[in-house]
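Report on the structure given below.
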Amino acid sequence: MNRMRSPMTCLLGNSLLHASMTEQDLAQPGDGAEDISECVRQLATGDDATAARAARYLFQKAHAADKHNRENKEKMDRQGAVNALCSILRSGSVEARYQACSALSELAYQNEKICMAIINAPGCLECLRLLLQEHDGNNQEDAALVINNCAAFSQHTPIHIVQFPGMLDAIRSVANGRHVGARNAAISALNCMSRSIEAAQALIHARIVEEVLTPILSEKGRGEKYEARVARAVLAIANIMGAKGGYEICAPVLAKYPNHLEMAVNILGHSLNGLKWGGILFALYSVIIPMSHLSAIKENQARLVELGMIEKLARVLREWQPGHLSDSVMERVLLIILSINDQPEFQHRIRLSGLIAGLQQIQLGLRNEPPQCRALAEQLLSSLLECHVAVCMGQHARLGADSPLMLLDDFVSSLILDMAFPMN
C-alpha cells in the first residue's frame, strides 16, 4: 500500500531543512546525493523537529511522484538512511515518528532490497511492534503501513515479521480495533504476509483466520474502505488455504461467503485494466496468488470459468512484462490453465480466449520468459492441439480410403469431430 501525500502539501507550514535549501529546491525532483546525505546527517542530530523535516524530505524524494525516485532510493540506501530513520522510531516526538514511518513506507515501496534492510535494521521490528501496541490509532496505522509495504514487496520479509516476538499479537489487536485506518492497514499487512507459504503457516497457528479474517466477512457496511477490507480478507483467506492444513480451515469459511469467486475474478479484471477496487490498485501478483489456490478446488472451476477467469488469464499472458514477481505470475497462470485443461467442457472456452496465441508467444521466449514457463507453455500447446493433429493426420491423402477413420460411421465420426473441433 503506497501511502500517498502530495509533496507540496508536505512543505506547507514547515521551515526548510537548512539554509542552503530553498522551497524550490525541495520541490525539484532528482537533487544530488549531497542533499540526501545532509538529510541523513540531520536525522542523527538529536533534534526532533530537524529530524522530522529531514525524514519528510526523504519521503518526498522516495515518492513515486518524483521521477528520479529509484535513483534517490539507491542514494538513500548507500547513505544509511534506513538505519537512521529506524532510530527515529524511538523518538518521543509524534511528528518525527510519523515522518520516519512515512519515509520508511515509501522507501520499501517496490524495492525488495530496502524491505529487507528495514526488517534487518537493529531494533526496527521492536519499535514497530511498540507503535502497534500504543493506544494512538494514527501511530498504529503508520507502523502497520511500514510492515505492509515490507511484506508486499519482498518474498523474504513476511516470515521474519510473523516470527518476531509479539508482532502477530500486536497486528491482531490493531486489526480487531476501532481505528478504521489502522485496522485496514493491519488487515492489508496480514494479506501481504499470507502470500508467503511459511508466513501463512504461522497465521494458521495464530488463528488469524478464525479470530480476524472470518468476522470481517460477516460485517455489514458500504464505501471504499469497507470494500477494501472485505477484499483483503477474502484474498488473505484464499492465500492461507494454500498452506498445509489451510484448506480445512479456509474452505468452509469461503463457502459461507458465496461472492468470493466473483470478487476475485472482478479484482483481477480491475488489476488488468489499471482500475482500483475499494480505492486500492491491487498488483497483479496479489490477485493471481490467491486465484491459484481458489482454482485448485475442482468445485470452483466451473464457476470461475463462467465468470471469465480464462479470458483474463489469457490476457495476463499476452500482456506479460518482466517485473516484480512477474515470473511467478506467469508460472502460476500456466499452472491454473493446466489444472483445468483436462476438463473437456472448458477446452472450447480456452481456445476462444486467445490463449493459444499467448502460449505460442511464451514458447518463443522473445520477452525473456523463464525456462520453466516456456516448458509449461509447450506442454499446454501440445495438449490443446493434439486432437486437431490426430484428426488431420487421419484424413491425410497418403492414407486415402484405408484410413481407419474413414471406416467409422457418420455418427461416431461426428462425435470425434465435435470433440476435436467443438463449436459450442
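Tabulated results
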item	result
First in the stretch 159-185 and assigned to a loop (DSSP other than H, G, I, E, B), second anywhere and charged (D, E, K, R), Cβ under 6 Å, 6 or more apart	Gly166/Arg129; Gly177/Arg183
Filter result for the condition that a residue is more than 16 Å from Leu131 (Cα to Cα) and either modelled with pLDDT under 95 or open to solvent by 10 Å² or more (accessible area, probe 1.4 Å) (or both), over Gly80, Gly92	Gly80
Only listed residue being over 18 Å from Asn148 (Cα atoms) and modelled with pLDDT under 95, chosen from Ser295, Ser218	Ser218
Residue list for the stretch 219-258, filter: open to solvent by 50 Å² or more (accessible area, probe 1.4 Å) and under 18 Å from Phe282 (Cα atoms)	Glu224, Lys225, Glu227
Spans of helices (runs of 4 or more DSSP H) in the stretch 327-404 with at least 1 residues at pLDDT below 90 and farther than 23 Å from Gly308 by Cα	371-394
Selection count, the stretch 329-347, where residues are open to solvent by 40 Å² or more (accessible area, probe 1.4 Å) and touching a Phe, Trp or Tyr at 6+ places or on another chain (Cβ under 9 Å)	1
Hits in the stretch 110-152 - residues which are under 19 Å from the mean Cα position of the chain (by Cα), surrounded by fewer than 21 Cβ atoms within 10 Å (Cβ to Cβ) and either small (Gly, Ala, Ser) or not in a helix (DSSP H, G or I) (or both)	Gln110
Scope the stretch 309-325; condition open to solvent by 10 Å² or more (accessible area, probe 1.4 Å) and in contact (Cβ under 8 Å) with a residue 40 or more places away in the chain; matching residues	Glu311, Lys312, Arg315, Arg318, Glu319, Trp320, Gln321, Pro322, His324, Leu325
Qualifying residue in the stretch 42-61 (condition: outside any loop (DSSP other than H, G, I, E, B), of a type in the set (Ser, Thr, Tyr) and surrounded by fewer than 20 Cβ atoms within 10 Å (Cβ to Cβ))	yes
Arg97 being among the basic types (Lys, Arg) and within 18 Å of Cys150 (Cβ to Cβ)	yes
Any hit, the stretch 172-185, residues being surrounded by 22 or more Cβ atoms within 10 Å (Cβ to Cβ), closer than 18 Å to Gln99 by Cβ and in contact with a Leu (Cβ under 8 Å, 6 or more places away or on another chain)	yes
Within the stretch 291-338, considering residues that are in contact with an Asp or Glu (Cβ under 8 Å, 6 or more places away or on another chain) and aliphatic (A, V, I, L, M), the one nearest to Gly365 (Cα to Cα)	Met330
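The values are calculated or read from the model by the stated rules, or taken from the named source; none is laboratory data. Just so it is clear, the model here is predicted, and its values are computed rather than measured. Ideal geometry is used to build each Cβ from the backbone, glycine not excepted, and the neighbour counts take in all protein chains shown. What goes into the accessible areas is simple: the full protein's heavy atoms, side chains included, and nothing from ligands, DNA or RNA. Shrake-Rupley method; radii C 1.70, N 1.55, O 1.52, S 1.80 Å.
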